[in-house]
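This report concerns only the one structure given below.
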Amino acid sequence: MDKTLRNSIIVFLFSFLIICFWFAYEYSKNVKVKRLITVIGEGEEIVTPNIAEIRIGIITKGEDLKTIQEENDNKINKIIDFIKSNGIDSKDIKTENYTIHPDYDYNTYPSQIIGYSISQNLKVKIRDLNKISNILKKVVSEYGANDVYGPDFTVDEIENYLEKAKEKAILNAKEKAEKIAKTAGVKLGRIISISESSISGRDLSSFYNSAGRGGGEYIIQSSPKIEPGSQEIKTQVSVIFEIK
């Protein structure tokens, strides 16, 4: 390569690098790096449940499958009619499961089928909490339910309470950020972003549970006292603030 050409290329490259460094330097002077504060805010709402869910089931055992099917169906149908007679809408009564399985005698080889077990369960949503006690008592003592669980208390339209908890969480985050900014000797700017990090609902209710599993009778002598208690709805938000 010609010596003059080579020197020209070296000079060009050197000049190009100087120009690049100069542009980078000038750009860095004009671009401001954003200073940010990220905080986690918490908010909660404590509400009184207005809905109860109970599980009501019939377990029937016997040697003849057709006979115990009829017995199980008759009992569960009477329970459904009784629940509806208490003002519970059909949309709030749901068949949760229906199972049939054989019972074996494992003392013989090979094992022999000695009978069958049928389990049929309903999930019932009760909107008038004053009716829970009477329904629980009678489905067991008068209608033969022997697989009962509940009530599980919840809140209708829980989204409204979640929104209120979220508002409190954002205000909590702002308070935290203002304290941090004051301690650091800076001024808090606008909110850059908000993201919901977690939601939880802790039940503070009292529960009544009864489970008489099997084919025998389970009798409630008196109506249980049901207390819905309260439910704690919590949310967390992550908020990023700009520092002025």
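Things worth noting here:
- Of everything in segment 38-59 that is among the β-branched types (Val, Ile, Thr) and touching a Ser or Thr at 6+ places or on another chain (Cβ under 7 Å), the residue that is farthest from residue 76 (Cα to Cα) is 38.
- Strands (runs of 3 or more DSSP E) wholly inside segment 1-107 containing at least 3 residues that are hydrophobic (A, V, I, L, M, F, W, C), at pLDDT 90 or above and farther than 30 Å from residue 244 by Cα: 51-62
- Every test in (1) at pLDDT 90 or above; (2) outside any helix (DSSP H, G or I); (3) of a type in the set (Asp, Glu) is passed by residue 156 save one, and that test is (1).
- Checking 76, 68 one by one, the residue that is farther than 19 Å from residue 152 by Cα, over 33 Å from the mean Cα position of the chain (by Cα) and buried (at least 17 other Cβ atoms within 10 Å of the Cβ) is 68 and no other.
- Qualifying residues in segment 120-137 (those that are of a type in the set (A, V, I, L, M) and assigned to a strand (DSSP E or B)) - the one surrounded by the fewest Cβ atoms within 10 Å (Cβ to Cβ): 122
- If you go through segment 134-178 and pick out every residue that is within 20 Å of residue 236 (Cα to Cα) and among the charged types (D, E, K, R), you end up with 11.
The values are calculated or read from the model by the stated rules, or taken from the named source; none is laboratory data. Just so we're clear, the structure is a prediction, and the values are computed from it rather than from any experiment. Glycine also receives a Cβ, built like all others from the backbone with ideal geometry; neighbour counts cover every protein chain displayed.
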